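The block underneath contains the structure these notes are about, expressed in structure tokens.
No lab work stands behind these numbers, since they all come straight from the coordinates. Since we're looking at a predicted model, the values are computed, not measured. Reconstructed Cβ throughout: ideal geometry from the backbone, glycine too, with neighbour counts over all protein chains shown.
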Amino acid sequence: MSNHTNTTTAAVIQMVSNQDVDVNLERAATLIQQAADQHATLIVLPEMFACLGVKNQREIAARMTESDVLGTLSDLAKNTNACIIAGSVPFITPDCAEDKVKASSFVFAADGSILARYDKIHLFDVDVADNKGSYRESDTFSPGNAGTVLDVHQRKLGLSICYDLRFPELYQHYQQMGCHLISAPSAFTYRTGEAHWETLIKARAIETQCFVLAANQGGTHEDGRQTWGHSMIVNPWGEVLAEVKTSGEGIAVAQLDFDELESVRRNMPISKHKRLR
């Protein structure tokens, strides 16, 4: 690990989450520890890491308490001394419809405290030519309505989730807010991921001149869906710094060099050249 003070070691974790929360948490804990063993101090879990394929999300959301899922993540952050972006979990907020939940990404500081929460804005209501066929997140989830920016390791981090990647206005907002990093925990389907995953991540990194940390699900799940994997970290020039190239579980670790980021922005100052706001 470099002693360079203007770097952060980040990791994206790829999982094949299923319906058993306890099993998924155990797998997440193992992978988080492996990332920490590679000196990662900023670790991103994929979308729906704790449970994927369950229709009654409110039942799972009831477990998002200090003593269960969120409590476990808090302990993992403390034990590894790492900031953990907990992909997404079902979470009940006061403005949720009676039978729905939010898809919420929580960020834990290295001391175990919750720094921020982002509620997924764009819901995946799409027909896909795969063996599941149709996805209707709005049947289960209520959309969020605002981006979330926070300070992590003296840098600004913007939060997003999966389908958000297709809506550049959110990322333009993060650029205007001065972000250096953007997280994109995902469960991209195999078919849409094969077509667009890498292109979208690179585009969001290039247009915002940010590091993008994209942790994806990657395999065949209990409900029949297939996810694309290829979890990756992309730099502000659009280069893939690290990638999980196989299906199944994995970790991609990269050192984020913020001097490099400033050089990219200095040499191509697109934020100063904007004409349309």
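Comparing S183, S160, S247 in a Gaussian network model of the chain (Cα springs below 10 Å), the most mobile by mean-square fluctuation is S247.
Using only alpha carbons, segment 141-277 has a radius of gyration to Kirkwood radius ratio (Rg to Rh) of 0.98. Report note on the peptides 153-159, 14-20, 110-116: ranked by the mean count of other C-beta atoms within 10 Å, highest first, their order is 14-20, 153-159, 110-116. Computed from the C-beta positions of D99 and R266 and an R0 of 35 Å, the FRET efficiency is 0.10 to the nearest 0.05.
Taking a ≥ b ≥ c as the square roots of the eigenvalues of the Cα gyration tensor of segment 208-277, is the shape rounded (a/c under 1.5), prolate (a/b larger than b/c) or oblate?
Numbers: a/c = 4.81, a/b = 2.10, b/c = 2.29.
Cα axes put segment 208-277 in the oblate bin.
Length, then width, then depth: along the principal axes, the Cα atoms of the chain run 50, 42, 38 Å. Reported to the nearest whole Å, the Cα centre-to-centre distance from segment 62-102 to segment 163-239 is 21.
Residues whose amide H lies under 5 Å from that of V152, counting only those 5 or more places away or on a different chain, are L157; hydrogens are built 1.01 Å from N in the peptide plane. Given segment 1-129 reduced to its alpha-carbon atoms as identical point scatterers, what log10 I(q)/I(0) does the Debye formula return at q = 0.15, 0.18 Å⁻¹? Normalising to I(0) and taking log10 leaves -0.70, -0.96.
Using DSSP, restrict attention to beta bridges with both residues in the chain and report what percent are antiparallel, rounded to the nearest 5. Approximately 70 percent, going by the DSSP bridge assignments. Close amide H partners of F141, meaning residues 5 or more places away or on another chain with modelled amide H under 5 Å apart, are V101.
I need the peptides 233-245, 93-105 ranked by packing, meaning the mean over residues of other C-beta atoms within 10 angstrom, with the highest value on top.
Details: 233-245: 18.8, 93-105: 16.7.
Result, highest mean Cβ count within 10 Å first: 233-245, 93-105.
Karplus-derived 3J(HN,Hα) values for segment 15-20, using 6.51 cos²θ - 1.76 cosθ + 1.60 with θ = phi - 60°, are 10, 10, 5, 10, 8, 8 Hz; glycine and proline are entered as x.
Note on segment 106-164: the C-alpha convex hull projects to 5.4 nm² when averaged across all orientations.
Using C-alpha pairs under 8 Å with a sequence gap of at least 6, the mean separation divided by the residue count of the chain gives a relative contact order of 20 percent. Near the amide H of L123, within less than 5 Å, lie no amide hydrogens of residues on another chain or at least 5 residues away, with H placed in the peptide plane.
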